[in-house]
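Working notes, structure below.
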Amino acid sequence: MKGYIVINKEICKECHLCISVCNRDCISPSTEYNLKGYHPVFYNDNGKCNGCGLCATICPDVAIEVYRER
Amino acid sequence: MKKIFSRPKSLKDAPFHYCPGCGHSIAHRLICEVIDELDIRGIAIGVPPAGCAVLAYNYLDIDMIESPHGRGPAMATGIKRMLPDRVVFSYQGDGDLAAIGIAESFHAANRGENITVIFINNAVYGMTGGQLAPTTTMGQRTTTSPLGRTRELEGYPVQVCELLSGLRGTTYIERCAVNTPANIMKTRRAIKKAFEYQMDNKGFTLVEILSPCPTNWKMSSVEACKWISDVMTKEFPLGVMKDIPSAQEKKAVAAHD
Ligand SMILES: Cc1ncc(C[n+]2csc(CCOP(=O)(O)OP(=O)(O)O)c2C)c(N)n1
Ligand code: SF4
Ligand code: SF4
Ligand code: SF4
Ligand SMILES: [Mg+2]
């Protein structure tokens, strides 16, 4: 199954919980700043995302949308 | 491709004021997901507490009325008795429910009020700076137990689910956690079950949620989630503590067989 995610970097708070649960290495830390002063994570489009939604399930700030092939 | 996850409709488009990695945020989202799924946005009434979740009404797009510290179950009782066709829940922290509000919680449960309590156990007074709460674990360091909780000075952690399960008035009590995706999905199912029981007039329901407070635990968010698995669940085991309707159903099925 294939999928992808979209991260709203302005509401990301850099907790890295999404990174800790993605076992396909699709999310990476960044050094850029958002308006709140956090370093938002970014989607590392390595072709491996299967749209499992684990990242969005644990994201406290509802910063992740998940898309998946049906 | 199809969108399979986005913000629930009942959750306002407002960024949370909570710290990074805070379990309140996850709990709020789950409540909204269940409200959407059960299509009860127009009849749900929430009672937020004093505590970090004091501003919950800024996020949940339903009717909400703030309660004085610890008095959520009393307020919810009044609302539910006047408006029995609404789905009424209080949302309370451990300081709120198990310290200042223990009397209201205990007696609403004992009366078997047809309300739901969402109980956020983060083992500290989060909002006021991480003081010891009734649910602080043995040995846990807080700003008011700097050497760690001891039996001699502070006594044992209060196990709210076990305590209230012993009351004949309670219907459904489950302890969950929001520290892993699997536990988060279980928490969602528990909230849904509690609201459904309330809608079927089954009586008092409570869902305890072990919830990370990385700020006051002085941990990273990832460490805080792990601490729930490694330490907190030892003091507060997860699972269904009481489920009268399901037990009755099983009994009826067994009798039929
Ligand atoms: C009558 C009253 N006493 C004390 C307070 C101060 N106070 C605000 S929140 C709080 C405790 C919060 O802890 P908890 O209920 O665990 O919620 P958390 O912030 O951890 O989610 C206290 C003591 C208050 N607001 N009202
Ligand atoms: S949907 Fe699954 S695979 Fe894709 S980024 Fe999220 S956790 Fe990783
Ligand atoms: S879980 Fe959400 S808030 Fe935390 S780092 Fe990932 S996208 Fe950002
Ligand atoms: S202090 Fe703790 S409970 Fe309060 S918002 Fe921060 S992480 Fe959440
Ligand atoms: Mg607390």
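The values are calculated or read from the model by the stated rules, or taken from the named source; none is laboratory data. These numbers were taken from a predicted model, which means no experiment stands behind them. Cβ placement follows ideal geometry from the backbone for every residue including glycine, while neighbour counts extend to all protein chains displayed. Areas reflect the complete protein model, heavy atoms only, side chains present, ligands, DNA and RNA absent. Shrake-Rupley method; radii C 1.70, N 1.55, O 1.52, S 1.80 Å.
So the values come out like this:
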| item | result |
| --- | --- |
| Residue list for the stretch A:53-70, filter: outside any loop (DSSP other than H, G, I, E, B) and open to solvent by 40 Å² or more (accessible area, probe 1.4 Å) | A:54, A:65, A:68 |
| Residue list for the stretch A:1-36, filter: in a loop (DSSP other than H, G, I, E, B), open to solvent by less than 40 Å² (accessible area, probe 1.4 Å) and more than 8 Å from chain B (Cβ to nearest Cβ) | A:12, A:22, A:26, A:30, A:34 |
| Residues that are more than 14 Å from chain A (Cβ to nearest Cβ) and open to solvent by 30 Å² or more (accessible area, probe 1.4 Å), drawn from the stretch B:35-52 | B:37, B:38, B:39, B:41, B:42, B:43, B:50 |
| Residue tally, condition of a type in the set (D, E, K, R) and crowded, with 23+ Cβ neighbours inside 10 Å, over the stretch B:10-29 | 1 |
| Within the stretch B:77-107, tally of residues that are over 18 Å from residue B:51 (Cβ atoms) and in contact with a helix residue (DSSP H, G or I) (Cβ under 6 Å, 6 or more places away or on another chain) | 3 |
| Subset of the stretch A:43-65 that is farther than 21 Å from residue B:18 by Cα and in contact with a Lys or Arg (Cβ under 7 Å, 6 or more places away or on another chain) - its residue that is farthest from the other protein chains (Cβ to nearest Cβ) | A:48 |
| Every pair of residues 6+ apart whose Cβ atoms lie under 6 Å, when the first sits in the stretch B:81-100 and is farther than 20 Å from residue B:28 by Cβ while the second is open to solvent by less than 10 Å² (accessible area, probe 1.4 Å) and away from ligand 4 (no atom under 16 Å from the Cβ) | B:98/B:160; B:100/B:70 |
| Helices (runs of 4 or more DSSP H) fully within the stretch B:132-227 counting 2 or more residues that are more than 14 Å from chain A (Cβ to nearest Cβ) and open to solvent by less than 50 Å² (accessible area, probe 1.4 Å) | B:160-165, B:181-199 |
| Qualifying position, being farther than 19 Å from residue B:95 by Cβ and either more than 16 Å from ligand 3 (Cβ to nearest atom) or modelled with pLDDT of 95 or more (or both), among B:148, B:169, B:155 | B:169 |
| Residue match in the stretch A:8-18 (condition: touching a strand residue (DSSP E or B) at 6+ places or on another chain (Cβ under 8 Å) and at positive phi) | no |
| Selected residue (only one of B:115, B:65, B:79, B:120 is closer than 22 Å to residue B:175 by Cβ and away from ligand 4 (no atom under 16 Å from the Cβ)) | B:115 |
| Some residue of the stretch B:70-85 being open to solvent by less than 10 Å² (accessible area, probe 1.4 Å), in contact with a Gly (Cβ under 8 Å, 6 or more places away or on another chain) and under 28 Å from residue A:37 (Cβ atoms) | no |
| Pick from the stretch A:37-52, criterion crowded, with 19+ Cβ neighbours inside 10 Å and closer than 25 Å to residue B:219 by Cα, ranking: nearest to ligand 5 (Cβ to nearest atom) | A:38 |
| Condition met for residue B:32 (open to solvent by 10 Å² or more (accessible area, probe 1.4 Å) and not in a strand (DSSP E or B)) | no |
| Residue within the stretch B:229-252 that is within 16 Å of ligand 4 (Cβ to nearest atom) and in a loop (DSSP other than H, G, I, E, B) present | no |
| Candidate set from the stretch B:1-20 (those that are touching a residue at least 12 places away in the same chain (Cβ under 8 Å) and either closer than 21 Å to residue B:214 by Cβ or among the acidic types (Asp, Glu) (or both)); member that is nearest to the other protein chains (Cβ to nearest Cβ) | B:20 |
